[in-house]
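Following: one structure in structure tokens, then a few remarks.
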Amino acid sequence: MGGLLPCDPAALPPYRLPAHIARMLALLKLIQSLIKTLHSDGTPGQVAAGMALGAALGLTPFMNVHNLVVFALILLLNVSFGGGMLGWALFVPLGFILDPVFHAIGLSLLEAPSLRSLWTGWYNTPLMPYTNFNNSVVLGSVVAWLALALPIFFGARYGVARYRATIGARVQQSRFYKAITASKAYNFYRLFRPE
Amino acid sequence: MAVKIFRWKAIAPLAVLLVLIAVLLWLFAEPVAKDTTEEVSTELLGTQVDVGKLDIIADEASVDLRELQIADPFDVNRNLVEAAEIRLKLNPLALAEKKFVVENFQLSGMRFGTDRKEPAKPVESGGFAPQAMKAVRQWSEQFDVPLLTLTPIDTIKQLVLNPTQLTSVQAAQDVAARADSAKAGLERSLQQLDIKGTVDTARALVQRLRTSNPRQLGIDGTRKALEDGKRTVDRLEDAKKRLTDLEQQVTGGASAFTSGLQTLDEARKKDYAFARSLLQLPTFSAPEIGEAFFGKVSIDRFQQALYYTDLARHYMPPGLLPREDPGPQRLRASGKTIRFPKERAWPKFLLQAGRMDLAIGGDSPLEGAYEAVVQGLTSDPSLYGKPTVLRTSRTAEGSAIARIDVGAVMDHVRPDRIRDSAAASLRGVKLPDLTVPGLPFTLKPGTGTATLNFARAGDRLLGRWSISASQAAWALDSAGRKLNDLESIVFRVVSGLKELSIDARVSGTVKAPRLSVSSNLDRAIADRLQAVIGEEVAKAEKMVRAKVDRLVAAKVEPVKRRVAQVRGQAEQRLASEQKSVQDVEAQLQAELKRLTGAVPGIKLPKLGF
């Protein structure tokens with residue numbers, strides 16, 4: 001029996017979205033995440049705490065042990081999961097841009113004679129080297145994140161509170177917001193909404 | 001309502017996530033480890049490394065590598081080494097510190113110098129190995145290996161020499177320029193001394209004193225005249241002293257000119273050699289023939305030894321200071337990863353003991369079982385505290401005429417005493433064919449003995465490479481051009497010699513190495529060439545010297561005359577100035593004496609004459 005299709009679909013090359021459409025979709029997802037987070041049930045403090053933790057995922061090289069710990073904290077602590085993901089998404093480009101700064105910070109710390117005994121101790125301690133603390137970009141970015149965590153927290157808390165007090169209610173009534181919250185992904189997200 | 005701190009319901013998804021990560025690690029650990037091993041070892045060694053299969057045996061803390069191929073960095077179509085299986089037993093405690101301590105290493109099915117199915121890809125990533133390769137290639141280029149030229153005498157063209165190409169002409173021009181500059185400098189110095197002014201002033205005073213009568217001048221007038229005389233004498237003394245200094249400078253300059261003229265003679269010898277090279281006259285010098293035949297191939301051997309010692313010194317540095325390495329390749333910046341060695345702790349990498357079984361089969365006289373042992377190969381020799389040792393030995397009876405012996409010691413324990421040495425001896429092996437640069441000859445040494453000894457202490461080198469064979473054969477490159485008479489003579493000489501013995505030595509420092517190559521062919525070829533074309537070459541050399549002498553004489557002789565003239569003028573001028581000062585000083589002193597004697601009882605100022 002001849003098929004309805006003129007050729008075998010399996011033989012066709014996999015369809016790939018054009019790059020500009022993929023970029024637009026990524027941006028759309030970011031906006032979706034932003035809107036959902038800003039209107040989530042969490043308090044501004046919970047959203048801000050999630051963002052401060054999520055910033056670690058974006059600012060520091062991702063495939064490192066400390067990020068597994070940070071991700072576990074985002075899940076386990078009663079902070080906004082959406083805030084964490086939003087923080088991650090917002091700080092990834094910043095992390096790439098600031099890599100030379102992180103390298104300089106990390107290298108100056110690793111080469112500081114006063115800290116040499118500390119690093120030598122850590123380097124020769126079981127499991128510690130797997131954190132890659134002795135890499136200049138990893139150390140510099142973690143230190144920078146630790147230094148920025150509190151300003152990120154307070155800044156985000158103020159921003160979310162101001163948003164909700166001003167235009168939040170109007171956005172919530174818009175069709176755009178309703179379309180976003182109706183998506184299936186939102187149901188998964190609700191699992192981790194703050195209590 | 002109080003806000004809860006923990007979200008307990010997230011524990012289950014987190015556990016699922018961790019299990020998922022563990023499963024992914026389990027699934028992909030081996031392929032990732034295989035790719036990483038290939039990538040890292042390729043970058044470390046600067047040549048393509050392929051691993052057929054990698055198995056992680058977790059319960060034994062072991063890794064099994066199969067079908068390992070390491071391409072020869074100096075020949076992309078060959079493998080330096082191939083191994084069927086390598087078993088690495090790792091120390092789990094060291095692994096917890098992210099350190100690779102290989103307690104035991106077993107390698108089997110090892111083969112050397114095998115052909116590759118596909119040429120090795122060039123290593124494009126950074127790293128030290130490509131830099132080391134570039135450095136040793138530059139090192140080998142600094143040897144001035146002569147090319148054996150066997151141009152027939154009857155084809156020698158008229159020698160056309162451009163005087164500007166000659167070193168002695170350039171040197172003569174330099175000397176002439178220096179002579180002119182010295183002459184101008186002397187004039188300036190004399191002007192600055194103002195000898196004429198001083199002498200004229202003194203003469204005027206002498207004239208004034210001659211017409212003076214002390215009785216008319218009175219005591220005060222006489223005293224004043226005497227004081228004027230003393231001041232002028234002081235100025236004349238000062239002028240004499242400065243003239244003496246200038247004379248010394250002129251004498252020094254003259255000796256510099258003399259040595260400059262001597263360099264002209266040395267430059268002329270270089271010009272003879274240059275002009276001779278333009279004619280491409282055949283050489284009869286046995287050392288030159290040895291270097292021309294086997295210089296390049298000898299340098300290749302020493303270059304390889306130097307490359308591996310460079311790698312060893314880079315990857316096995318002495319001392320306990322922190323060490324920087326490039327960070328891992330990733331989307332984000334790599335940065336730098338710093339190691340912090342500590343006394344009585346594990347090195348980053350250590351191969352405590354490795355054993356390699358080599359079985360050579362077939363009809364080769366080398367047939368037999370061998371064992372190679374490696375001890376203490378480490379990234380931190382100061383932590384390990386002992387030199388790295390490699391040695392091979394035969395583990396079963398074999399042919400008495402064939403044997404492989406390799407031994408190497410790398411002592412990088414102390415920064416002030418870094419020494420690497422290696423000795424390899426292969427007896428009864430088929431030696432590779434050698435081509436002679438510039439000639440369509442191929443030497444097929446056949447079965448023989450090859451030895452390589454190489455030692456490097458600090459910056460100093462000492463190496464010896466030798467091969468010997470009793471049934472060597474020579475072949476003509478069939479695709480090559482037709483041989484001329486001289487080449488035919490040389491080919492007849494070499495093809496009549498079945499015995500082959502080559503001995504190459506390198507010494508000196510890495511920056512200034514010396515190479516000497518000799519073989520049993522050198523004297524035979526030199527004697528034969530001397531007998532056949534010695535007279536014609538001598539005539540040609542005489543013609544070369546005459547031509548150079550004529551050109552050089554035309555440019556150099558005027559310079560020599562000019563130098564002699566400048567020197568003579570300078571000496572004459574100085575003598576004349578000194579005489580005029582001395583004359584006027586004598587006249588002045590006579591007048592002062594007359595004035596002093598004419599007024600007895602007057603206490604005169606101390607004049608100092």
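One residue is enough: does the range B:318-330 have a residue meeting the conditions crowded, with 17+ Cβ neighbours inside 10 Å, modelled with pLDDT of 80 or more and more than 14 Å from every other protein chain (Cβ to nearest Cβ)? Within the range B:318-330, one or more residues are crowded, with 17+ Cβ neighbours inside 10 Å, modelled with pLDDT of 80 or more and more than 14 Å from every other protein chain (Cβ to nearest Cβ). If only residues of the range B:88-116 that are buried (at least 19 other Cβ atoms within 10 Å of the Cβ) and among the charged types (D, E, K, R) are counted, the one that is farthest from the other protein chains (Cβ to nearest Cβ) is B:K99. Apart from one condition, B:T309 fits all of (1) within 14 Å of another protein chain (Cβ to nearest Cβ); (2) touching an Asp or Glu at 6+ places or on another chain (Cβ under 7 Å); (3) not acidic (D, E); the exception is (1).
A count restricted to the range A:77-98 and to residues that are within 10 Å of another protein chain (Cβ to nearest Cβ) and buried (at least 22 other Cβ atoms within 10 Å of the Cβ) stands at 3.
Which of the residues that make up the range B:457-474 are of a type in the set (A, V, I, L, M, F, W, C) and loosely packed, with under 14 Cβ neighbours inside 10 Å?
Of the residues in the range B:457-474, the ones of a type in the set (A, V, I, L, M, F, W, C) are B:457, B:461-462, B:465, B:467, B:469, B:472-474.
Residue satisfying the conditions is B:A457 alone.
Taken together, the residues in the range B:481-522 that are buried (at least 19 other Cβ atoms within 10 Å of the Cβ), touching a strand residue (DSSP E or B) at 6+ places or on another chain (Cβ under 6 Å) and more than 30 Å from B:A135 (Cβ to Cβ) amount to 2.
Of all residues in the range B:194-236, those that are part of a helix (DSSP H, G or I), touching a residue at least 40 places away in the same chain (Cβ under 8 Å) and not basic (K, R) total 17. Within the range B:550-576, the residues that satisfy the criterion of being crowded, with 19+ Cβ neighbours inside 10 Å, touching a Lys or Arg at 6+ places or on another chain (Cβ under 8 Å) and closer than 13 Å to B:G253 by Cβ are B:V566, B:A570. Out of (1) closer than 15 Å to B:R594 by Cβ; (2) crowded, with 19+ Cβ neighbours inside 10 Å; (3) of a type in the set (S, T, Y), what's the single condition that is false for B:T198? Condition not satisfied by B:T198: (1). Checking each residue in the range A:123-142 for being touching a residue at least 12 places away in the same chain (Cβ under 8 Å) and either at the interface with chain B (Cβ under 8 Å from one of its Cβ atoms) or among the basic types (K, R) (or both) picks out A:Y130, A:N132, A:N134, A:N135, A:S136, A:V137, A:V138, A:G140. Every condition in (1) modelled with pLDDT of 85 or more; (2) part of a helix (DSSP H, G or I); (3) in contact with a Leu (Cβ under 6 Å, 6 or more places away or on another chain) holds for B:Q587 except the one numbered (3). Filtering the range B:99-127 to residues that are more than 30 Å from B:E371 (Cβ to Cβ) and touching a residue at least 40 places away in the same chain (Cβ under 8 Å) leaves B:P119, B:K121, B:P122, B:V123, B:S125, B:G126, B:G127. Loosely packed, with under 14 Cβ neighbours inside 10 Å and either at pLDDT below 75 or under 30 Å from B:D238 (Cα atoms) (or both) - does that describe any residue in the range B:168-177? No, because not a single residue in the range B:168-177 is loosely packed, with under 14 Cβ neighbours inside 10 Å and either at pLDDT below 75 or under 30 Å from B:D238 (Cα atoms) (or both).
Checked against (1) in contact (Cβ under 8 Å) with a residue 24 or more places away in the chain; (2) under 22 Å from A:F154 (Cβ atoms), A:A104 passes all but condition (2).
The values are calculated or read from the model by the stated rules, or taken from the named source; none is laboratory data. The structure displayed is predicted, hence computed values, not measured ones. Every residue, glycine as well, gets a Cβ built from its backbone with ideal geometry; the counts of neighbours run over all protein chains shown.
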